[in-house]
1. Please report Rg over Rh for the range 28-119, where both radii come from the alpha carbon positions and Rh follows the Kirkwood definition.
2. Find, among the chymotrypsin sites (Phe, Trp or Tyr not before Pro) in the range 1-104, those assigned to loop by DSSP (not H, G, I, E, B) with at most 13 other beta-carbon atoms within 10 angstrom.
3. I'd like the trypsin sites (Lys or Arg not before Pro) in the range 1-58 restricted to DSSP loop residues with at most 11 other Cβ atoms within 10 Å, sorted by number.
4. Roughly what angle does helix 308-325 make with the longest principal axis of the chain, taking Cα atoms, 0 to 90 degrees, to the nearest 10?
5. Would you please calculate the Kirkwood hydrodynamic radius of the range 159-309 over all C-alpha pairs and express it in Å, rounded to one decimal?
6. Take the chain, connect every pair of alpha-carbon atoms lying under 10 Å apart with a spring to form a Gaussian network, then pick out the residue of Ala73, Ala29, Ala291 with the largest mean-square fluctuation.
7. Does a label point 7 Å from the Cα of Leu194, set along Cα-to-beta-carbon, have any residues of the range 97-127 with amide nitrogen under 16 Å, and which are they?
8. Label-point separation (nm) for Ser136 and Asp274, each offset 7 Å from Cα along Cα-to-Cβ?
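Please treat every number below as a calculation from the coordinates, not as lab data. Since the structure is predicted, the reported quantities are computational estimates derived from the model, not experimental observations. For neighbour counting, all protein chains shown are included, and Cβ atoms are generated from backbone atoms with ideal geometry for every residue, glycine included.
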Amino acid sequence: MYPFRYERAHDLNTASTIAARESGAEFLAGGTDMMQLLKDEVRRPARLIDIGHLERLDRIEAGTDGLRIGALARMSDVADHPAVKTGYPVIAQALLASASPQVRNMATIGGNLLQRTRCGYFRDTAMACNKRTPGSGCAALDGENRLHAVLGGSENCIATYAGDLAVALVALDAVVVTHAPQGGRRIPLDGFHLLPGETPERETALQPGEIIVAVEVPASPLAGQSYYRKVRDRASFEFALASAAVALDRDGGTIREARIALGGVATKPWRARDAEAALAGQPATRASFEAASLKALSGAAPRQQNAFKVRLAQRTVLHALTTLGS
């Protein structure tokens, strides 16, 4: 274990100011992902700033305008909240499909959005990984890439985004609310996670010292008619091979508006806008859902071992749509 400084922050301003000033400082809340990365020496912060105890950041509030989830709310508490289960079922379902009950009791919403990739090359410091060590190369391109992304990759990185919650939130047009010394922001979740491009080491739009304080989900007819489907190698405590968060706003048998987001197949939570457009104004039938599911994987670029994900993801979208539309 290497030496680092641990500090318990007294307030948001102090925490964000320290992190903005010191390049080696990182935040700690639930710690479920951070502790693994520290043990494997994938992350080596000079200072850990503990914000897990800060007050009023764990609230879950639902009103006519929508849902506001504090960044320090525990995943299990959000999944079990009555307003989330009834008004935003896709969020509750995505959370319950994540990790294990023990992890969900510790992990925070903000930390979940910031979890790092589960790419084996990223987590093995002996292997080449541009995300961990910029310029070292991407061993996954021609290596073991069964679990890697078929959407949103680049010649520098094809690591899959690992989370479930963000996929559901992207489908519902959620916004990340932040605090920073220079002033907070409201960042649409669809733009919060970044494509790897030429800078795979930069995974989110957060600036130094910027802290997630809440996630806001607008009220809409789509939120209440939503569903999350996850396909994985084993039934629990496993990351997605493919997942789909879908939502439908219908007028009788006609689809007025649709939302489709994919997980397990892309380098970030992936909004399938072509598939959404294909459903608008169409009847809520299996034929419409099949056509949309094919469009959901437009632009896919599979590698040698993960081509199966294209068809798997299409079937996952189709299953989610038909389940919700039945």
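1. The Rg/Rh ratio comes out at 1.01.
2. none
3. Here the trypsin sites (Lys or Arg not before Pro) that fit, given the DSSP loop and packing criteria, are Arg56.
4. Helix 308-325 and the main axis of the chain meet at about 60 degrees.
5. Answer for the range 159-309: a Kirkwood hydrodynamic radius of 16.7 Å.
6. With Cα springs under 10 Å in the chain, the top fluctuation among Ala73, Ala29, Ala291 is at Ala291.
7. Hits in the range 97-127 for Leu194 at 16 Å: 114-117.
8. Once both label points are built, they end up 3.5 nm from each other.
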